[in-house]
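The values are calculated or read from the model by the stated rules, or taken from the named source; none is laboratory data. All of these numbers come straight from a predicted model, not from anything done at the bench. Don't worry about glycine lacking a Cβ; one is built from the backbone with ideal geometry, like all the others, and counts go over all protein chains shown. Accessible surface is based on the protein model in full, side chains and every heavy atom, while ligands, DNA and RNA are left aside. Shrake-Rupley method; radii C 1.70, N 1.55, O 1.52, S 1.80 Å.
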Amino acid sequence: MAARRADTVTVTIVRTGGVAGHRRQWVATASGSAADLVRELVESDAWAGVGADPTSRDRFVWSIVVTGVGRRRTLTMPDSHLVGPIQELVRRVQADGEAVADPGWHGTATSE
Amino acid sequence: MTSVNLPPTAMAPGIVPPFLLTRIARATGERLSVAPEAAAQTLRHDRPMRSARISLSIDENRTIVAEVSDAPNRTIGDARNTETLPGRTARSEGEDPVADATVNEAYDGLGATFDLYSQVYGRNSIDGKGLPLDATVHYGSDYDNAFWNGERMVFGDGDGEVFGRFTASVSVIGHELTHGVTQYTAALNYANQAGALNESISDVFGALVEQHSAQQTASAASWLIGEGLFTPSVRGVALRSMKAPGTAYDDPVLGTDPQPATMAGYVTTREDNGGVHINSGIPNRAFYLLATTLGGRAWERAGQIWYDTLLGKGGKLPAAATFARFARATVSAAGARYGGSSPEADAVRSAWTEVGVTIDGGTTR
Ligand SMILES: [Zn+2]
C-alpha cells in the first residue's frame, strides 16, 4: 500500500434513522498527530469488528467516512455498537467539526 | 374482561386483596344500601406477576359485581443522563406521580397505549400476555431520540436546541410501544418496504393512542406524529404528518420533511435501513385516507382492519412484505371482518389506489 498520503484526514459523520428520521452530518479535518490517530484507528480492530443490531427499532445508524488515509474508508454501524474509540471519534467530530445544514437526502426519488 | 358475580360475604380471596375486602365490608354496611346506584367505583389492583383492573358495582339485587380486566404493569427507570439501562427505578405501577414530569409523562403515555390495545382490541400488553411495560427516561446526554431496544422503550431529553424531551408526545410513546407489538405479531423486517411498513404501523397506532385518549374523531384529529417535540425555534409542527406527508417541517437547520405521500415519490436509499422513516409516509397516508373516508373514530374500523392485518387475519404477512403485499392483506382483513363488498373493504382499496400502491394480486374480492 504505497498510496500517497494527504497531510490531513477528513472525517465525515452521517447520522440517519432515529424516530425522527432526520439526517444529520458533521465534517471535521485533522492534521499532525490527530491525523495519525485517525489513521491508526481505521486500521485497528475497533474499525473492523462491528456487528448488527437486529432487535432495536428507531435507533440511529452511523456512517463514518474517512478520506486522506490512502483509500477512502467507510464504516456503517448501529447506535448500540457505537462505543470505545469510534464513539470518541464521532463525539469529537460532532463537537469540533462543522455541522452541515440541510444536507439533503442521499438517495434517489424513483417512480415505481 | 371477566365478570364475576359475588355476594358480599363470599368475595374470592384470590382475586381481591385484603384492603379491598375491608373497604367493601365497610361500604356494604351502610353507604351502599342507601344509594347503590351511585356506588360504582373503579379500583386498580396490581401484583408483580399479574396485573388486573377490578371495577366493582352493585347490581339491582344488591350483589357486588366485580369485573376483572387487564391492567398495565409499568416500571419507569431513570438513566440520569447516562447510557446505562435500565437506570434507577423512578416509578412503579400503582405509585403516585413523582416530582419529575418526564417520568410521569412516560408512565401516563404507556398507560394510554396499554388502554388502546386492551380496551379496543382486547390485547393484553405488547405480547398479548401481560408483558410488563418497561421504559427508561433521561437516557444519554442531549440525546435526540426515543427507541425500542427489543425489550424496553428508551427516551432521551433532546438537545434543547432542536428537540425537547421525547416523552412530551403521546404519539411517540405509542409509536415505540407498537414496535414491540409488531415484534410479537407480524415481525416485519426493519429494512426497505417491510421496514417502512413497520414504521408506518407504529405511526398509525401512535396516532390512534392519542386520538383514543382524547376521544377525537378522524376529522378532528391532527394526524401528526410527535407534535410538540420541537423547541419553539424550529419551523415545524411535528416529526411527520400522516395527513400530508412532507409538510411537517421546513427549517433552515433541519431541512424539509422528506416524506413522500405517494409511490411517485418513493425514495430508494441505503441510509436509514433503506429509508424506513421516509417511505412510511406512503402507507401512513393510505391509513389516513381510509380513516377519514370511513369517518368517526379511527380506532374502531380503520384501526381494527390494520390490527387484524398485523395479526395475520388477512393472511400471514411475510417478514419481507412489500407495500403491495401488505395492501392485499388489508383488503383481505377488511373483507373477513366486514365483507368483501362492504364500504370498509372498498375504502381500503381506494386508499391504496390513491397513494399509488397497486394491490398485490389485483383488487379481487
Ligand atoms: Zn419507529
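Ignoring ligands, DNA and RNA, please state the percent of accessible area on the range B:38-182 from carbon and sulfur, probe 1.4 Å.
That fraction is 44 percent.
Taking every C-alpha pair closer than 8 Å and separated by at least 6 residues, the mean separation divided by the residue count of chain B gives a relative contact order of 11 percent. With every protein chain in place and a 1.4 angstrom probe, the accessible-area ranking of B:Tyr288, B:Tyr249, largest first, reads B:Tyr288, B:Tyr249. Annotation for the range B:278-300 versus the range B:130-164: alpha-carbon center distance of 27 Å.
In this structure the amide hydrogen of B:Thr136, modeled in the peptide plane, comes within under 5 Å of the amide hydrogens of B:Gly77, B:Met153, B:Val154, B:Phe155, none closer than 5 places in sequence on its chain. Please give the net charge around A:Leu41, taking every other residue with its beta carbon less than 14 angstrom from that of A:Leu41, where Lys and Arg add +1 and Asp and Glu add -1. Taking every other residue near A:Leu41 into account, the sum is -1. A simple spin-label model places the labels of B:Ser219 and B:Thr268 4.2 nm from each other, with each point 7 Å out along Cα-to-Cβ. One chain, two ends: B:Thr256 and B:Arg88. Fully extended at 0.36 nm per residue, the span grows by 56.7 nm beyond their Cα-Cα distance. Between A:Val83 and B:Asp360, what is the FRET efficiency for a Förster distance of 41 Å, r being their Cβ-Cβ separation, to the nearest 0.05? Efficiency at R0 = 41 Å is approximately 0.45.
The heavy atoms of A:Val100 offer some 50 square angstrom of accessible surface to a 1.4 angstrom probe.
A Förster radius of 30 Å combined with the Cβ-Cβ distance from A:Val27 to B:Asn81 puts the calculated FRET efficiency at roughly 0.65. Ligands, DNA and RNA left out, the 1.4 Å accessible surface of the range B:223-359 is 51% carbon and sulfur atoms. For the options B:Ala106, B:Ala321, B:Ala207, a Gaussian network treatment of chain B with springs between C-alpha atoms closer than 10 Å singles out B:Ala321 as fluctuating the most.
Place +1 on the Cβ of every Lys and Arg and -1 on the Cβ of every Asp and Glu in the range A:8-111, take the dipole about the Cα centre, and give the residue among A:Thr67, A:Thr8, A:Val19 whose Cα lies farthest towards its positive end. Value computed over the given set: A:Val19.
Residues of the range A:39-60 that lose at least 50 Å² of accessible area (1.4 Å probe, protein heavy atoms only) when the other protein chains are present, relative to their chain alone, are A:Arg57, A:Asp58, A:Arg59, A:Phe60.
Distance between the 7 Å Cα→Cβ label points at B:Asp142 and A:Asp36: 3.0 nm. Evaluating 6.51 cos²θ - 1.76 cosθ + 1.60 at θ = phi - 60° for every residue in the range B:194-199, the Karplus couplings come out as 4, x, 5, 5, 4, 5 Hz, glycine and proline recorded as x. Proximity of backbone amide H atoms, modeled 1.01 Å from N, is registered between B:Thr89 and B:Asp78 at under 5 Å, excluding neighbours fewer than 5 places apart on the same chain.
Once you reduce the range B:320-360 and the range B:199-226 to the center of their Cα atoms, the two points are 20 Å from each other. Leaving out same-chain residues fewer than 8 places away, which lysines sit with a Cα under 24 Å from that of B:Lys129? The qualifying lysines are B:Lys313, B:Lys316.
For the interface of B with A, what's the total buried accessible surface in square angstrom, probe 1.4 angstrom, rounded to the nearest hundred? For chain B against chain A, roughly 2800 Å² becomes buried. For B:Asp159 and B:Ala244, what is the calculated FRET efficiency with R₀ set at 41 Å and r taken between the beta-carbons, to the nearest 0.05? Between B:Asp159 and B:Ala244 the formula returns 0.95.
Per-residue SASA remark: B:Thr353, around 90 Å² accessible (1.4 Å probe; ligands, DNA and RNA not included).
In the range B:267-312, burial by the other protein chains removes 50 Å² or more of 1.4 Å probe accessible surface, compared with the chain on its own, from B:Thr268, B:Glu271, B:Asp272, B:His277. Placing +1 on the Cβ of every Lys and Arg and -1 on the Cβ of every Asp and Glu, with no other charges, gives the range B:192-354 a dipole of roughly 520 debye about its Cα centre.
Just reorder A:Leu37, A:Leu75 by solvent-accessible area, largest first, 1.4 Å probe, all chains present.
A:Leu37, A:Leu75
Using only the Cα atoms of the range B:140-268, each taken as one equal point scatterer with no solvent, compute I(q) by the Debye sum, divide by I(0), and report log10 of the ratio at q = 0.15, 0.19, 0.21, 0.22 Å⁻¹. So the normalised log intensities work out to -0.75, -1.21, -1.41, -1.47. Only Cα pairs within less than 10 Å get springs; with that Gaussian network setup on chain B, which residue of B:Gly128, B:Gly335, B:Gly255 has the largest fluctuation? Of B:Gly128, B:Gly335, B:Gly255, the Gaussian network model singles out B:Gly255 as fluctuating most. All other residues whose Cβ lies under 12 angstrom from that of B:Gly314 are scored, Lys and Arg at +1 and Asp and Glu at -1, for a net of +3.
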